[in-house]
Amino acid sequence: MKAMTGRFDTSVTHAAKADEFQPAATGSPNGHAPRIAIEEIAPTALRIVDNIEKVIAGKYSVIRLGVAVLLAEGHLLIEDVPGVGKTTFAKALARSIDCSVRRLQFTPDLLPSDVTGVSIYNAESTDFEFKPGPVFANIVLGDEINRASPKTQAALLECMAERQVTVDGTRYELQSPFLVLATQNPVEMEGTYALPEAQRDRFTAKISLGYPDRTAEIAMLSDQTTADPLASLQPVSDAAQIRNLIEAVRGVHVAETVKDYVVALAEATRKHSELRLGASPRGSLHLLRTAKAAAAMAGRDFVLPDDVQQLAVPVLAHRLIPSASATVAGRSTEELVADIVAKVPIPAATARA
């Protein structure tokens, strides 16, 4: 398997025995959604992917992964150099599903209340009124998140994990769908704060858009010098439909052997001699949820080990901390996860779960 950061392939190498991972004809014990609901996911998701690609050409696999994270109720971290389309991707995704989007430009002087909102005293009513912050949107774009102080970064922890905000002892629910899409520049580190482990662990996946290929960049020069492609981008879905798709993704069937495979990969990261910190149980959960979304986007109502393999690097690598020896040897966590995926035995289902 060729593992690449931020990419997943929908090809299936277990096709000959895929039926071994399917739910029984009477339905699975976890009450997966009706097949007709699952079948609605792939065409809608692919319309969204194709729509975004009108703006960001040549990045089909990365865009597809971003949509899978959305359907898995996750959050996305984009780490890349300036000017490759990180902000454009977020705006194109929001416009494609016709939902609310708010942008947070992270700076060192940004306060937690600038993120979540603040209670302001109203002299007329002689009471405090809550003024919602930018996190009260379907898609929250956190631009250059590593420029904010750790205290401000921490304001996102409750939002991302529990989809709620607590201000002055009052809890406020966030609307669904809810996706935090944060960007950071890996090159310019002056005046930045490294994301703490707890923050990175809440991001479902980390991707890199990378530079476009020559053909795509020439096309961009032709298309975007006279007009903004975002201005003409039309919605192909809406928030209500995305909520229904998310609900359907939850019902995708996962055989017990596949669950065991997910845990085996996570355990391998915790025992690896070149890793100081392995994947958390939250990482296992995010890997499984994203695999369910990827399976549904491929037109299946069950997860294959291939889905897990293709997503292991973008979902797990950013959560890991390499050992000193691995750092000296120049071994990246992406490379280490790819090695683990290559070594951990792929499960062979013997019975339907």
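Can you find a residue that is closer than 21 Å to V67 by Cα and assigned to a helix (DSSP H, G or I) anywhere in region 164-180?
Filtering region 164-180 for residues closer than 21 Å to V67 by Cα gives 174-180.
Filter once more, keeping what is assigned to a helix (DSSP H, G or I): none.
So far as region 164-180 goes, no, none of its residues is closer than 21 Å to V67 by Cα and assigned to a helix (DSSP H, G or I).
Does L230 satisfy the condition of being in a helix (DSSP H, G or I), farther than 21 Å from R319 by Cβ and touching a Ser or Thr at 6+ places or on another chain (Cβ under 8 Å)?
yes
Condition first: assigned to a loop (DSSP other than H, G, I, E, B) and more than 23 Å from C99 (Cα to Cα). Now tell me which residues in region 148-163 satisfy that.
Initial filter on region 148-163 (assigned to a loop (DSSP other than H, G, I, E, B)): 148-149, 163.
A148, S149 - these are the residues of region 148-163 that are assigned to a loop (DSSP other than H, G, I, E, B) and more than 23 Å from C99 (Cα to Cα).
Taking region 291-305 as the search range and keeping residues that are of a type outside the set (D, E, K, R) and assigned to a helix (DSSP H, G or I), which one is nearest to A255 (Cα to Cα)?
Keep residues of region 291-305 that are of a type outside the set (D, E, K, R), which gives 291, 293-299, 302-305.
Narrowing further to those that are assigned to a helix (DSSP H, G or I): 291, 293-297, 305.
Numbers: A291: 12, A293: 15, A294: 15, A295: 13, A296: 15, M297: 18, P305: 10 Å.
Among residues in region 291-305 that are of a type outside the set (D, E, K, R) and assigned to a helix (DSSP H, G or I), the one nearest to A255 (Cα to Cα) is P305.
Condition first: closer than 17 Å to K206 by Cα and modelled with pLDDT under 85. Now tell me which residues in region 77-97 satisfy that.
Going through region 77-97, the residues closer than 17 Å to K206 by Cα turn out to be 77-82, 84-90, 93.
Within region 77-97, D80, V81, P82, V84, G85, K86, T87, A90 meet the criteria.
D50 fails exactly one of the following numbered conditions: (1) over 24 Å from A231 (Cβ atoms); (2) surrounded by fewer than 15 Cβ atoms within 10 Å (Cβ to Cβ); (3) at pLDDT 90 or above. What is the number of that condition?
Exception for D50: condition (1).
Residues checked against (1) modelled with pLDDT of 95 or more; (2) farther than 19 Å from P43 by Cβ; (3) in contact with a Gly (Cβ under 6 Å, 6 or more places away or on another chain):
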{"position": "T204", "(1), (2), (3)": "yes, yes, yes"}
{"position": "A239", "(1), (2), (3)": "no, no, no"}
{"position": "T269", "(1), (2), (3)": "yes, yes, yes"}
{"position": "S284", "(1), (2), (3)": "yes, yes, no"}
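So, in region 256-290, exactly how many residues are buried (at least 23 other Cβ atoms within 10 Å of the Cβ) and not in a helix (DSSP H, G or I)?
1
Mind checking which residues of region 325-334 are touching a residue at least 12 places away in the same chain (Cβ under 8 Å) and either within 22 Å of the chain's Cα centre (by Cα) or assigned to a helix (DSSP H, G or I) (or both)?
S325, A326, S332, T333, E334
Within the group L311, L316, L277, which residue is within 18 Å of V344 (Cβ to Cβ) and either touching a residue at least 60 places away in the same chain (Cβ under 8 Å) or small (G, A, S) (or both)?
Numbers: L316 fails: either touching a residue at least 60 places away in the same chain (Cβ under 8 Å) or small (G, A, S) (or both); L277 fails: within 18 Å of V344 (Cβ to Cβ).
Testing whether each residue is within 18 Å of V344 (Cβ to Cβ) and either touching a residue at least 60 places away in the same chain (Cβ under 8 Å) or small (G, A, S) (or both) leaves just L311.
Checking G299 against (1) modelled with pLDDT under 95; (2) more than 20 Å from the chain's Cα centre (by Cα), only one condition comes out false. Which one?
Going through (1) modelled with pLDDT under 95; (2) more than 20 Å from the chain's Cα centre (by Cα) one by one, G299 breaks only (2).
The values are calculated or read from the model by the stated rules, or taken from the named source; none is laboratory data. None of these values were measured; they are calculated from a predicted model. Because the Cβ atoms are built from the backbone with ideal geometry, glycine has one as well, and the counts that use them run over all protein chains shown.
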